[in-house]
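K.L.:
Quick one: the structure is below, and I'll ask about it shortly.
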Amino acid sequence: MGKHLAFLLAAVVTGLAMTGTAASEVTYRDHVRPLWENRCATCHGAESPYLGDFEEDEARYEAELKGPRMDTYADLIFFVAWPDTGALMRRLDDGSNTADGKPGNMYEHLGETEAERQRNLAIFKTWVGEEAWTMKRPRDITREELERFRLAY
(Lines give C-alpha, C1' and ligand atoms only; values in the text may rest on other atoms or scores of the structure.)
Protein backbone atom coordinates (compact mmCIF):
# COMPACT_ATOMS: atom_id res chain seq x y z
CA MET A 1 0.00 0.00 0.00
CA GLY A 2 2.87 2.37 0.78
CA LYS A 3 4.25 2.21 -2.79
CA HIS A 4 0.85 2.95 -4.27
CA LEU A 5 0.32 5.90 -1.95
CA ALA A 6 3.78 7.26 -2.75
CA PHE A 7 3.14 6.84 -6.49
CA LEU A 8 -0.25 8.57 -6.20
CA LEU A 9 1.24 11.42 -4.18
CA ALA A 10 4.06 11.84 -6.70
CA ALA A 11 1.56 11.87 -9.58
CA VAL A 12 -0.59 14.49 -7.85
CA VAL A 13 2.41 16.72 -7.03
CA THR A 14 3.71 16.40 -10.60
CA GLY A 15 0.26 17.21 -11.96
CA LEU A 16 -0.02 20.27 -9.73
CA ALA A 17 3.44 21.45 -10.72
CA MET A 18 2.62 21.05 -14.40
CA THR A 19 -0.72 22.82 -13.96
CA GLY A 20 1.01 25.65 -12.13
CA THR A 21 3.57 25.97 -14.89
CA ALA A 22 0.97 26.01 -17.63
CA ALA A 23 -1.22 28.43 -15.70
CA SER A 24 1.71 30.75 -14.98
CA GLU A 25 2.76 31.08 -18.64
CA VAL A 26 2.34 34.69 -19.66
CA THR A 27 0.90 35.05 -23.14
CA TYR A 28 0.27 38.00 -25.40
CA ARG A 29 -3.41 37.18 -25.79
CA ASP A 30 -4.23 36.58 -22.11
CA HIS A 31 -1.86 38.93 -20.29
CA VAL A 32 0.09 41.39 -22.41
CA ARG A 33 -2.64 42.54 -24.78
CA PRO A 34 -5.16 43.44 -22.02
CA LEU A 35 -2.42 45.28 -20.11
CA TRP A 36 -1.27 47.01 -23.30
CA GLU A 37 -4.85 48.00 -24.19
CA ASN A 38 -5.32 49.48 -20.71
CA ARG A 39 -2.00 51.29 -20.37
CA CYS A 40 -0.55 51.87 -23.88
CA ALA A 41 -3.20 51.84 -26.62
CA THR A 42 -4.16 55.50 -26.27
CA CYS A 43 -0.80 56.60 -27.66
CA HIS A 44 0.33 53.47 -29.54
CA GLY A 45 -2.94 52.18 -31.02
CA ALA A 46 -4.24 51.68 -34.56
CA GLU A 47 -4.48 55.46 -35.10
CA SER A 48 -0.76 55.84 -34.44
CA PRO A 49 1.85 55.92 -37.21
CA TYR A 50 4.21 53.10 -38.03
CA LEU A 51 7.76 53.71 -36.85
CA GLY A 52 9.07 55.08 -40.18
CA ASP A 53 6.28 57.63 -40.41
CA PHE A 54 6.73 58.52 -36.73
CA GLU A 55 10.44 59.15 -37.24
CA GLU A 56 9.78 61.41 -40.25
CA ASP A 57 7.58 63.76 -38.20
CA GLU A 58 8.34 62.93 -34.58
CA ALA A 59 7.59 66.41 -33.20
CA ARG A 60 4.10 66.44 -34.73
CA TYR A 61 3.21 62.98 -33.44
CA GLU A 62 4.55 63.71 -29.97
CA ALA A 63 2.45 66.90 -29.88
CA GLU A 64 -0.56 64.73 -30.76
CA LEU A 65 0.46 62.29 -27.97
CA LYS A 66 1.07 59.55 -30.51
CA GLY A 67 3.97 57.16 -30.44
CA PRO A 68 4.82 54.40 -32.89
CA ARG A 69 2.03 51.93 -33.60
CA MET A 70 2.10 48.70 -31.58
CA ASP A 71 -1.50 47.50 -31.72
CA THR A 72 -0.91 43.93 -32.91
CA TYR A 73 1.30 41.08 -31.79
CA ALA A 74 3.48 41.52 -34.89
CA ASP A 75 3.77 45.27 -34.38
CA LEU A 76 4.77 44.82 -30.73
CA ILE A 77 7.34 42.12 -31.57
CA PHE A 78 8.98 44.65 -33.89
CA PHE A 79 10.00 46.63 -30.76
CA VAL A 80 11.00 43.60 -28.69
CA ALA A 81 12.88 41.12 -30.85
CA TRP A 82 13.50 42.44 -34.34
CA PRO A 83 14.20 44.74 -36.10
CA ASP A 84 14.12 47.35 -33.29
CA THR A 85 15.48 44.89 -30.73
CA GLY A 86 15.20 45.99 -27.12
CA ALA A 87 13.22 49.19 -27.78
CA LEU A 88 10.27 48.10 -25.66
CA MET A 89 12.53 46.96 -22.83
CA ARG A 90 14.60 50.16 -22.85
CA ARG A 91 11.43 52.24 -22.56
CA LEU A 92 9.60 50.13 -19.98
CA ASP A 93 12.52 49.22 -17.73
CA ASP A 94 12.39 50.49 -14.15
CA GLY A 95 16.06 51.44 -14.16
CA SER A 96 17.27 48.23 -12.54
CA ASN A 97 18.98 47.23 -15.80
CA THR A 98 20.63 50.54 -16.63
CA ALA A 99 24.01 51.87 -15.56
CA ASP A 100 22.51 55.13 -14.28
CA GLY A 101 19.48 53.51 -12.61
CA LYS A 102 17.15 55.76 -14.59
CA PRO A 103 13.86 54.20 -15.69
CA GLY A 104 12.81 54.20 -19.32
CA ASN A 105 10.61 57.04 -20.56
CA MET A 106 7.48 54.85 -20.64
CA TYR A 107 7.92 53.16 -17.24
CA GLU A 108 5.75 55.78 -15.53
CA HIS A 109 2.82 54.81 -17.77
CA LEU A 110 2.77 51.21 -16.53
CA GLY A 111 0.60 52.17 -13.55
CA GLU A 112 -0.64 54.78 -11.14
CA THR A 113 1.51 53.52 -8.25
CA GLU A 114 4.97 52.03 -7.99
CA ALA A 115 3.43 48.71 -6.93
CA GLU A 116 1.17 48.65 -10.00
CA ARG A 117 4.07 49.61 -12.28
CA GLN A 118 6.17 46.79 -10.84
CA ARG A 119 3.35 44.24 -11.29
CA ASN A 120 2.81 45.30 -14.90
CA LEU A 121 6.53 45.37 -15.62
CA ALA A 122 6.75 41.82 -14.28
CA ILE A 123 4.11 40.73 -16.81
CA PHE A 124 6.12 42.19 -19.69
CA LYS A 125 9.39 40.73 -18.34
CA THR A 126 7.90 37.28 -17.95
CA TRP A 127 6.40 37.43 -21.43
CA VAL A 128 9.68 38.50 -23.02
CA GLY A 129 11.67 36.14 -20.79
CA GLU A 130 13.63 37.34 -17.77
CA GLU A 131 16.86 36.07 -19.36
CA ALA A 132 15.98 37.82 -22.64
CA TRP A 133 15.13 41.25 -21.14
CA THR A 134 17.81 43.44 -22.67
CA MET A 135 18.77 47.06 -23.06
CA LYS A 136 20.89 46.20 -26.10
CA ARG A 137 20.37 47.76 -29.49
CA PRO A 138 19.87 45.65 -32.62
CA ARG A 139 23.50 45.94 -33.73
CA ASP A 140 24.68 44.59 -30.34
CA ILE A 141 22.40 41.56 -29.93
CA THR A 142 23.62 38.06 -30.71
CA ARG A 143 21.66 35.25 -32.30
CA GLU A 144 21.89 33.30 -29.04
CA GLU A 145 20.34 36.24 -27.19
CA LEU A 146 17.53 36.51 -29.74
CA GLU A 147 16.75 32.83 -29.22
CA ARG A 148 16.03 33.50 -25.52
CA PHE A 149 12.88 35.49 -26.26
CA ARG A 150 9.71 33.69 -25.13
CA LEU A 151 6.92 35.92 -26.52
CA ALA A 152 4.11 33.36 -26.30
CA TYR A 153 1.07 34.32 -28.31
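K.L.:
Can you name the residue in segment 142-153 that is of a type outside the set (D, E, K, R) and open to solvent by less than 100 Å² (accessible area, probe 1.4 Å) and is also farthest from SER96 (Cα to Cα) among such residues?
P.N.:
My answer is ALA152.
K.L.:
Considering only segment 20-74, state which residues are at pLDDT 95 or above and of a type in the set (Gly, Ala, Ser).
P.N.:
Matches in segment 20-74: ALA41, GLY45, ALA46, SER48, GLY52, ALA59, ALA63, GLY67, ALA74.
K.L.:
In addition: Filter segment 27-70 down to the residues that are closer than 24 Å to ALA152 by Cβ, among the charged types (D, E, K, R) and part of a helix (DSSP H, G or I) and list them by number.
P.N.:
Once the filter is applied, which keeps residues that are closer than 24 Å to ALA152 by Cβ, among the charged types (D, E, K, R) and part of a helix (DSSP H, G or I), segment 27-70 yields ARG29, ASP30, ARG33, GLU37, ARG39.
K.L.:
Do you know which residues across segment 85-100 are open to solvent by 20 Å² or more (accessible area, probe 1.4 Å) and either in contact (Cβ under 8 Å) with a residue 24 or more places away in the chain or among the hydrophobic types (A, V, I, L, M, F, W, C) (or both)?
P.N.:
ARG90, ASP94, ASN97, THR98, ALA99 - these are the residues of segment 85-100 that are open to solvent by 20 Å² or more (accessible area, probe 1.4 Å) and either in contact (Cβ under 8 Å) with a residue 24 or more places away in the chain or among the hydrophobic types (A, V, I, L, M, F, W, C) (or both).
K.L.:
Something else: Please verify whether segment 121-141 includes one or more residues that are open to solvent by less than 30 Å² (accessible area, probe 1.4 Å), in contact (Cβ under 8 Å) with a residue 60 or more places away in the chain, in a helix (DSSP H, G or I) and within 22 Å of TYR28 (Cα to Cα).
P.N.:
Yes, segment 121-141 has at least one match.
K.L.:
Another question, if that's okay. Out of MET70, MET106, which single residue is touching a Lys or Arg at 6+ places or on another chain (Cβ under 9 Å), aliphatic (A, V, I, L, M) and either within 19 Å of VAL26 (Cβ to Cβ) or open to solvent by 40 Å² or more (accessible area, probe 1.4 Å) (or both)?
P.N.:
Going through MET70, MET106 in turn, the sole match is MET106.
K.L.:
If a residue has to be polar (S, T, N, Q) and crowded, with 17+ Cβ neighbours inside 10 Å to count, how many in segment 38-67 make the cut?
P.N.:
The total comes to 1.
K.L.:
Another question about this same structure. Which condition breaks for TRP82 when tested against (1) open to solvent by 60 Å² or more (accessible area, probe 1.4 Å); (2) at pLDDT 95 or above?
P.N.:
(2)
K.L.:
Please list, ordered by first then second residue, the pairs with beta carbon atoms under 7 Å, 6 or more apart or interchain, first in segment 105-118 and farther than 16 Å from GLU37 by Cβ and in a helix (DSSP H, G or I), second open to solvent by 40 Å² or more (accessible area, probe 1.4 Å) and of a type outside the set (Phe, Trp, Tyr).
P.N.:
Filtered contacts from segment 105-118: TYR107/ARG117.
The values are calculated or read from the model by the stated rules, or taken from the named source; none is laboratory data. Fair warning: this is a prediction, and the values are worked out from it, not measured in the lab. Using ideal geometry, Cβ is built from the backbone for each residue, glycine included, and neighbour counts are taken over all protein chains shown. Please note that ligands, DNA and RNA were not included when accessible areas were found on the heavy atoms of the full protein model with its side chains. Shrake-Rupley method; radii C 1.70, N 1.55, O 1.52, S 1.80 Å.
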